[in-house]
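Right, one structure below, let's go through it.
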Amino acid sequence: MDHLASLADALENERRAVIAEHAQLRALPLAERVAAGFSLSPLDIVTTEHRSKGRVNVILRGRDLHDAFSPGDPVVLAPVGRPDEGYAARVEGRDEATIELRVEGLPEGRGPWAVSRRLDFYVLDLQKAALERADRLSSPLKSLLLGYEKPYRPDPYDHPAFARLEPAQREAATLALGATEIGLVHGPPGTGKTEVLVALLVALKDLGETPWALAESNAAVDHLALRATAAGLDVVRLGVSSRVGGAAQHLTLEHRILHGARAAVIQTLVRQATKASGSELIDLRIAIREEWSAAKREILQSTDVLAMTLGTLHTRGADLKAPRTALVDEGGQISEPALWLLATRVKRILLAGDPMQLGPVVKSQDPRLEISLLQRLVSAGFVFPMLTEQRRMRADLMALCQTTYGGQLRAHPDVAERHIEDLPGVLPSEWTEPSARFLDTAGLAYDEERDPLGSYHNPGELQLLVRVYRSLVASGVKPEHIGIITPYTAQLARVRAALPGVEAGTVNAFQGREKEVILASFVRSNPDNELGFVADPRRLNVSVTRARRLFIGIGDSATLGTSAHYDRLVQAVGAGYKSAWDLVEDE
């Protein structure tokens, strides 16, 4: 089976895995569905608004709505008595107490209501179609991606936009710009990858291009778009407005239209339409659509950069004029089929990321999807210059990941010696020194437990974590400076219940984020020394590289130490090692 056909087969495996998981979760009692993040319930309808084409926007209210649902997710709105027999909808927005849906039809009934996940294979179908198009395509980019042509070292192309980059950044930027089809950039945490990408966007604009800037997550696209705007580029942020962060809202196409050259005409037509009827109303609606389309066309033709997620490109990008170059961040997190839609439309891809962080999230665990295109290209021998000067972690924290990056990282002088006690109001305590800590539960019989949904938690570790957290807060560390990471959703739920309002997340959810202090609960502790997916060294690497000033890991060295990566972590903390027995004896 050739590579593209193999990827298409992997997508079918993914489809089957999604269907199987959906059926398993759907069969659970409603309370367990809620606990698993499959449903929200009970909910009451607060307001309804009629929209075009018979659709209705509905706002529902509940208590302590979990964050498993995001704008754009396909869902079903139904009475709690028959939670899967209702109205097809998509999430428009949500907060802790409300969720807004765009529903295909007016919900009837008094409730209470449930919102549950709905199967939707639109993106998978688009990816499969892109693979089929790629099979018919002939291009230098395709030849390199499929190994028909051997990798080559690009001729460096320097540009004035690179003048302020530090040496490793400048080398990476010049090689990427010199690549005619594929340019790669390796950006470990805190090494200024975004700075390099913005410099590349500036250079591409200066060379007469209107590049696309893409990433897997909305947060990454927002960050890149805002940094590019600060560098003087005119950026249009495409995508669902409710999924764009508040700071980037002014860059959205909708905002640009409503505040642009045609805004006054559009607003006048809208006011007239509210008072019109019959044929006059039809004519006014046609005029509004024409003005809106003209404004959209003018903005897209004049912008310097179009920024969007891969999901937006898949679902809304068919009518966009393709550029010569697409720049993609978070390359290590993107499954390969997602990038073939891009590869069939552009001539050059500049791909940035870190294969030592977590890869694509795949239900089927099919290695053909779990290995990102970035990883595959690096393994094939493509030039992958690494950024080496990091500005996130102090030097002794950086030591926790030095082996992962071949000992090449160095801490910028501005961060090398900064300490948690440098923050206003923070006093010395038993946990503020040294900056890399490991609290070892070995021998305490703090065994993991498994919930009915198959996720693990560890009550003993939770008690220790709460104690450490409260000690840090008592010493003056602000709660907003602390992040809590754990591999399992079952442990995460218990952390949030024990420490309401704390910023906590799974390792996957915390990727791309950082905090002054990171507390990590590794959970796994069992006589068989089984680690499951905790054994993945990338998961450990993400955990330790989220901290700026202080990292405290909590775990059972007897179980974790069966992995060489965790054993190195315990050794690397040095004087920061502490047995949990000491805390138990103090009680």
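The values are calculated or read from the model by the stated rules, or taken from the named source; none is laboratory data. No experiment lies behind these values; they were computed from the predicted model shown. Every residue, glycine as well, gets a Cβ built from its backbone with ideal geometry; the counts of neighbours run over all protein chains shown. Just the protein is used for accessible areas: all its heavy atoms, side chains included, with ligands, DNA and RNA removed. Shrake-Rupley method; radii C 1.70, N 1.55, O 1.52, S 1.80 Å.
Observations, loosely collected:
- Within region 208-221, tally of residues that are open to solvent by 20 Å² or more (accessible area, probe 1.4 Å) and more than 10 Å from Leu310 (Cβ to Cβ): 5
- If the condition is being closer than 16 Å to Ser217 by Cα and in a loop (DSSP other than H, G, I, E, B), then region 318-349 contributes Asp329, Glu330, Ile334.
- Selected residue (criterion: farthest from the chain's Cα centre (by Cα)) from residues of region 305-317 that are outside any helix (DSSP H, G or I) and either farther than 19 Å from Ala231 by Cβ or of a type in the set (Ser, Thr, Tyr) (or both): Gly317
- Checked against (1) farther than 25 Å from Tyr577 by Cβ; (2) out of contact with any Ser or Thr (no Cβ under 7 Å at 6 or more places or on another chain); (3) crowded, with 17+ Cβ neighbours inside 10 Å, Leu492 passes all but condition (2).
- Those strands (runs of 3 or more DSSP E) lying entirely in region 1-104 with at least 3 residues in contact (Cβ under 8 Å) with a residue 40 or more places away in the chain: 39-50, 56-61, 74-79, 98-103
- Selection count where residues are open to solvent by less than 10 Å² (accessible area, probe 1.4 Å) and either closer than 14 Å to Leu351 by Cα or out of contact with any Leu (no Cβ under 9 Å at 6 or more places or on another chain) (or both), scope region 155-180: 6
- One residue from Leu201, Leu141, Leu197 being touching a Pro at 6+ places or on another chain (Cβ under 8 Å), open to solvent by less than 20 Å² (accessible area, probe 1.4 Å) and touching a residue at least 12 places away in the same chain (Cβ under 8 Å): Leu201
- Count of region 295-312 residues which are free of Cβ contacts under 8 Å to residues at least 60 places away in the same chain and open to solvent by 10 Å² or more (accessible area, probe 1.4 Å): 4
- Residue pairs meeting the criteria (Cβ under 6 Å; at least 6 apart or on separate chains; first without any contact (Cβ under 8 Å) to a residue 60 or more places away in the chain, in region 423-449; second in a strand (DSSP E or B)): Glu449/His457
- Pick from region 330-347, criterion among the charged types (D, E, K, R) and open to solvent by 10 Å² or more (accessible area, probe 1.4 Å), ranking: nearest to the chain's Cα centre (by Cα): Glu330
- For region 448-480, the candidate set comprises residues that are among the hydroxyl-bearing types (Ser, Thr, Tyr) and within 28 Å of the chain's Cα centre (by Cα); within that set, the residue that is nearest to Gly555 (Cα to Cα) is Tyr456.
- Within region 224-243, considering residues that are at pLDDT 95 or above and in a helix (DSSP H, G or I), the one surrounded by the most Cβ atoms within 10 Å (Cβ to Cβ): Ala225
- For region 355-365, the set of residues classified as within 19 Å of Gly512 (Cβ to Cβ) and open to solvent by less than 50 Å² (accessible area, probe 1.4 Å) consists of Pro355, Gln357, Leu358, Gly359, Pro360, Val362, listed by residue number.
- Counting only strands (runs of 3 or more DSSP E) that sit completely within region 497-560, those holding 1 or more residues that are open to solvent by 30 Å² or more (accessible area, probe 1.4 Å) and touching a strand residue (DSSP E or B) at 6+ places or on another chain (Cβ under 8 Å) correspond to 503-506, 547-555.
- In region 313-329, the residues that are open to solvent by 30 Å² or more (accessible area, probe 1.4 Å) and not hydrophobic (A, V, I, L, M, F, W, C): Thr315, Arg316, Asp319, Lys321, Arg324
- Test result for Thr210, modelled with pLDDT of 95 or more, assigned to a loop (DSSP other than H, G, I, E, B) and more than 19 Å from the chain's Cα centre (by Cα): yes
For (1) at pLDDT 90 or above; (2) surrounded by 19 or more Cβ atoms within 10 Å (Cβ to Cβ), each residue gets a yes or a no:
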{"position": "Leu7", "(1), (2)": "yes, yes"}
{"position": "Ala10", "(1), (2)": "yes, yes"}
{"position": "His22", "(1), (2)": "yes, no"}
{"position": "Arg61", "(1), (2)": "yes, no"}
{"position": "Ser70", "(1), (2)": "no, no"}
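- Cβ-Cβ contacts under 8 Å between residues 6 or more apart (or on different chains), taken from a first residue in region 353-381 that is over 15 Å from Gly147 (Cβ atoms) and in contact (Cβ under 8 Å) with a residue 60 or more places away in the chain to a second residue that is of a type in the set (Phe, Trp, Tyr) and in a loop (DSSP other than H, G, I, E, B), are listed as Met356/Tyr405.
- Which listed residue, of Arg450, Arg467, is of a type outside the set (A, V, I, L, M) and either touching a His at 6+ places or on another chain (Cβ under 6 Å) or modelled with pLDDT under 95 (or both): Arg450
- All positions within region 452-489 that are assigned to a loop (DSSP other than H, G, I, E, B) and either free of Cβ contacts under 8 Å to residues at least 40 places away in the same chain or of a type in the set (A, V, I, L, M) (or both): Leu453, Gly454, Ser455, Val477, Tyr488
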